[in-house]
Amino acid sequence: MSENLTVNTERPKMTSKDLVSDQEVRWCPGCGDYSILKQVQTVIPELGLNREDIVFISGIGCSSRFPYYMETYGMHSIHGRATAIASGLKAARPELSVWIITGDGDALAIGGNHFIHILRRNFNVTILLFNNQIYGLTKGQYSPTSEEGKITKSTPAGSIDHPFNPIALAMGAEGSFIARSMDRDPAHLKEMLRRANVHKGTSFLEIYQNCNIFNDGAFEIFTEKKTKKQETIFVENGKPLVFGANQEKGVKLDGFKPVIVDIVDSSNSVNDLWIHDEHDRVKAGILSRFFDNPALENHFPRPFGVFYTESRSCYEDELNKQIEYAVTKNGKGNLDKLLRGKQIWELA
Amino acid sequence: MSENNEVLDRVIIKFAGDSGDGMQLTGSEFTNTAALLGNDVSTFPDFPAEIRAPQGTVAGVSGFQLHFGSVNVYSAGDMCDTLVAMNAAALKVNLRNIKKGGLIIVNTEGFDPKNLRLAKIAEEDNPLTNGSLDNYQVIKIDVTKLTKAALEGSGLGVKEIDRSKNMFVLGYLYWMYNRSLDNTIKFLEEKFSKKKEILDANLKVLRAGYSYGDTTETSMRRYIVNPAPMPPGTYRNIMGNQAVAIGLIAAAEKSGLPLFYGSYPITPASDILHELSKHKNFGVRSFQAEDEIAAMASVVGASFGGHLATTASSGPGIALKTEAIGLGVMLELPMVIINVQRGGPSTGLPTKTEQADLLQALNGRNGEAPLPVLAACSPADAFDTTFEACRLALEFMTPVMMLSDGYIANGAEPWRFPSSDQLDVIKVNFQKEKNDGDKFLPYKRDERKSRPWAIPGTPYLEHRIGGIEKQHETGNISYDPENHEFMVHLRNDKIEGIADYIPEQKLDSGPEKGKLLVLGWGSTYGTIKTGCIRAREEGYEVAHAHLKYIKPFPRNLGELMYNYDQILIPEMNMGQLLMLIRAKYLIPAIGFNKIKGLPFGVNEIKNKIIELMK
Ligand code: SF4
């Protein structure tokens, strides 16, 4: 993302503190959003960006207050449209570093259409989707990622909606960088933020975020020490899929079918395991489907890390090329010629 | 020229046939030739709503109306003097719009049993034989047969031969109206420069049509329409949608900003997108969004980034854009929204014209969300109005709505186009420095109540804007009741204050004081103007004023109206401007409304004037 930018050397080097705005942070105490804000403010100064070139755009929801807390350019817009607004901004100003802050309701319900279209167009922006599986700002209705049967204010008898799998959705929408992290793992989150920023194209990072008011503990099983190692699998490019309290389990591919195997006391060794390849679309598709309800027996662990990435041209670069080509071919636009058109006549 | 020539001061011709008969081309070629000859012209095409309506049916009729004269013409006119009907369906659809005693030129082959059946006319009711056309002068020509004869031995297939029959009609009309073939020959040579056989065939048929007039006695008469008293200068022909596109590019050039156009295809606004997409060498960034909502949202984003950000749509699309336009009002960012109105509500009549989105333009947003509203009154005026909409948006940091409609969008007229240096420079000053000691206040106001435009990329001016109510000057979120009321008034005062920076309302024609003023807006201009001229010719001293600025109204509008006993407001809606005028000026203005998807006719206006003044 930084390749178009020349670093402004006249301005003192940015620190995390410079990114803290004068606005009082108004999230509920204990909300996962605090950690995400902190990691973003920590990572950005390392990225070689100019502060004036950074723009945060959000929609509506708890997470969408985020831009107010960043001492950068920012827009807190309307529900679901941050991705579309960012598309216009990026088409107009390709050199800017544009970050989109959204939530499960904002990106996947009211803004679903814009979300899939920005992924396929591949604008060079970073989307941080704070997934808390609930509507927080409107005080606790189920969201498109809430599990079936969820009891909320709007579903007293349990939700009958089947939830979205955001990673699989992004895969289907031709996303060029698809990753997942969590609020409770600062080191991993920072690493994912860095990778998302470096990727040229639309980077989609889903962040499991705890809403301790309306959906406390939704991701506990993945984030808390007791269960984390059993229930998650942190994938890294070129490394085998290993998990478990003592790294004793792994995932093997039997054709296209993933199987969980014991690598300590069975006939399988680490050498038989599935080696993660971020550039393999088919395998990423299978990985994205590790989305079982953790209550089920023999369920797969939930993956975190970069599922898939590919290098593909960005919309704004192609747009620029077309403009440059038109100028080369027809010459720079001449207003008088345009006003005259093709056929004129004189009247005395 | 023979002694049979009759001199006319104006003629309305309608070319009508099946969609595949090439009537649009025939009409526009006749128009170009008329314009080159110095006639004043005004045209309006009328396409079938379906893309591929069944051949020969009433639904498949495509028409092109041309009004040309040695006097000034201000609209495409209503009742036709001459109708060209290529088949029975075309005659059936258009017969009610021909003057009694008018001339009807028919292609007899289009009235064979098959075509009659397709037009749902019983064979015994064939209008060519049942006497129903006795009140008209009918010229029957077997165009199909004559075209075939002209191209015998050309080696062309049946389809190609059939396709050139419109050239026969054109040639015949050139003979009838004493026009030279030169312009069309030149046009064909360019169009078919790579297809020699097709070019030859077209030229042959064109000339055959002309000679047919010369050598047969189908018509006793030929007509002469002399040049019109047009202001001297250089002219071109312009369509409304094209004028909007050129207006946007011109405003971008004169403001020194890149042009961003985000839109979603919709009838009848899509041609603006098509036209702009052709001019990428002006740096135009046209973006076809996934929906109307995204189109508008992309405009908000591009405006935040410092572009001249624009979009166009029609009623249903504008309805979808509403929320993001409201955001634009709240953010106070410049953007231009063009509504090419069509018949509503809902999907309504996509290819027909109406003026029923005025109140939507003014009030179709949640909350108190004022923005300037301008209306174009003709295809050429769409250029000026678009340019002005851009000026107001940029100088006052506000979304501006520009209203056009289907009649302006597809209509065409001669345009004495300006040179680029005749266009005003639009001043844009991006904020570069902090404006309050060591702070930057994004909502600090200048004397016009406009706020600074500090775009991303400007060091030290980082700031956040948003849709939540903001504190005066700082732009920080504020839920304070006093501040909210203050801000609501401030945003409104800013828009109303624009009245000091726009011209006063002028009379278009008629006495400065008197019994009746006709007040119009939008595409009714030409018809009202002509209606008033006719009424005055009959001794009724009526005045006409036409509004370009509807929000805010010109500051002298009240005074101007108080000089008349009565105000008549014709509109293609149920009385929307009427309501605004009555509410604001407390005068009992009278409405005159037509909601048929069709423009007013000159006589309708004239008769209404006479009825009120008698
Ligand atoms: S409601 Fe939930 S998501 Fe929203 S701020 Fe409070 S804890 Fe965070």
Would you be able to tell me the number of residues in the stretch A:138-151 that are buried (at least 17 other Cβ atoms within 10 Å of the Cβ), in contact with a Ser or Thr (Cβ under 7 Å, 6 or more places away or on another chain) and under 22 Å from A:Gly80 (Cα atoms)?
3
Considering only the stretch A:324-339, state which residues are at the interface with chain B (Cβ under 7 Å from one of its Cβ atoms) and either closer than 25 Å to B:Met239 by Cβ or loosely packed, with under 11 Cβ neighbours inside 10 Å (or both).
A:Ala326, A:Asn330, A:Gly331, A:Lys332, A:Gly333, A:Leu335, A:Asp336, A:Leu338, A:Leu339
Could you please let me know if A:Ile207 is within 16 Å of the ligand (Cβ to nearest atom), closer than 28 Å to A:Arg120 by Cα and either touching a residue at least 24 places away in the same chain (Cβ under 8 Å) or not hydroxyl-bearing (Ser, Thr, Tyr) (or both)?
yes
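Residues that are farther than 27 Å from A:Ala86 by Cβ and not polar (S, T, N, Q): list the strands (runs of 3 or more DSSP E) wholly contained in the stretch A:154-257 that include at least 2 such residues.
Fully inside the stretch A:154-257 and qualifying: A:232-234, A:249-254.
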Scanning the stretch B:232-249 for residues that are within 8 Å of chain A (Cβ to nearest Cβ) and not hydroxyl-bearing (Ser, Thr, Tyr) gives B:Pro232, B:Gly233, B:Arg236, B:Asn237, B:Ile238, B:Ile246, B:Ile249
Hey, A:Gly80 under 16 Å from the mean Cα position of the chain (by Cα), of a type outside the set (Ser, Thr, Tyr) and within 16 Å of the ligand (Cβ to nearest atom) or not:
no
Cβ pairs under 6 Å, 6+ apart, first in the stretch A:129-145 and more than 14 Å from chain B (Cβ to nearest Cβ), second hydroxyl-bearing (Ser, Thr, Tyr) and within 8 Å of the ligand (Cβ to nearest atom)
A:Phe130/A:Ser63
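Scanning the stretch A:16-27 for residues that are surrounded by 14 or more Cβ atoms within 10 Å (Cβ to Cβ) and within 15 Å of the ligand (Cβ to nearest atom), which turns out farthest from the other protein chains (Cβ to nearest Cβ)?
If we take residues in the stretch A:16-27 being surrounded by 14 or more Cβ atoms within 10 Å (Cβ to Cβ) and within 15 Å of the ligand (Cβ to nearest atom), then A:Trp27 is farthest from the other protein chains (Cβ to nearest Cβ).
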Looking at the stretch B:1-67, what strands (runs of 3 or more DSSP E) fall wholly within it and have at least 2 residues that are surrounded by fewer than 18 Cβ atoms within 10 Å (Cβ to Cβ) and at pLDDT 90 or above?
B:5-7
May I ask you to list pairs of residues, at least six apart or on different chains, whose Cβ atoms are under 6 Å apart, with the first in the stretch A:54-65 being at the interface with chain B (Cβ under 9 Å from one of its Cβ atoms) and farther than 18 Å from A:Phe115 by Cα and the second being among the polar types (S, T, N, Q) and more than 12 Å from the ligand (Cβ to nearest atom)?
A:Ile54/A:Thr72; A:Ile54/A:Ser97
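What residue, among those in the stretch A:135-175 that are aromatic (Phe, Trp, Tyr) and within 16 Å of the ligand (Cβ to nearest atom), is farthest from A:Gly61 (Cα to Cα)?
Among those residues, the one meeting the criterion is A:Tyr142.
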In the stretch A:32-60, which residues are farther than 22 Å from B:Ile468 by Cα and within 16 Å of the ligand (Cβ to nearest atom)?
A:Gly32, A:Ser35, A:Ile36, A:Lys38, A:Gln39, A:Val40
Name, by its number, the condition in (1) surrounded by fewer than 18 Cβ atoms within 10 Å (Cβ to Cβ); (2) in contact (Cβ under 8 Å) with a residue 40 or more places away in the chain; (3) more than 16 Å from the ligand (Cβ to nearest atom) that does not hold for A:Ser181.
(1)
Within the stretch B:581-601, track down each residue that is surrounded by 14 or more Cβ atoms within 10 Å (Cβ to Cβ) and small (Gly, Ala, Ser).
B:Ala589, B:Gly591, B:Gly597, B:Gly601
The stretch A:66-81, subset aliphatic (A, V, I, L, M) and out of contact with any Asp or Glu (no Cβ under 7 Å at 6 or more places or on another chain), residue farthest from the other protein chains (Cβ to nearest Cβ)
A:Met70
Which residues, counting only those in the stretch B:582-601, are under 22 Å from B:Pro511 (Cβ atoms) and not in a loop (DSSP other than H, G, I, E, B)?
B:Tyr585, B:Ile590, B:Phe592
Given (1) more than 16 Å from the ligand (Cβ to nearest atom); (2) part of a loop (DSSP other than H, G, I, E, B); (3) without any contact (Cβ under 8 Å) to a residue 60 or more places away in the chain; (4) closer than 23 Å to A:Ala168 by Cα, identify the lone condition not met by A:Phe123.
(3)
Being among the acidic types (Asp, Glu) and within 16 Å of the ligand (Cβ to nearest atom) narrows A:Asp272, A:Asp216 down to just A:Asp216
Hand me the list of strands (runs of 3 or more DSSP E) wholly inside the stretch B:510-581 holding 1 or more residues that are over 22 Å from B:Asp381 (Cβ atoms) and among the polar types (S, T, N, Q).
B:564-571
Note on A:Arg93: of the conditions (1) within 15 Å of the ligand (Cβ to nearest atom); (2) in contact with a strand residue (DSSP E or B) (Cβ under 9 Å, 6 or more places away or on another chain), unmet is (1)
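The values are calculated or read from the model by the stated rules, or taken from the named source; none is laboratory data. Note that this is a predicted model, so its numbers are computed, not measured. For neighbour counting, all protein chains shown are included, and Cβ atoms are generated from backbone atoms with ideal geometry for every residue, glycine included.
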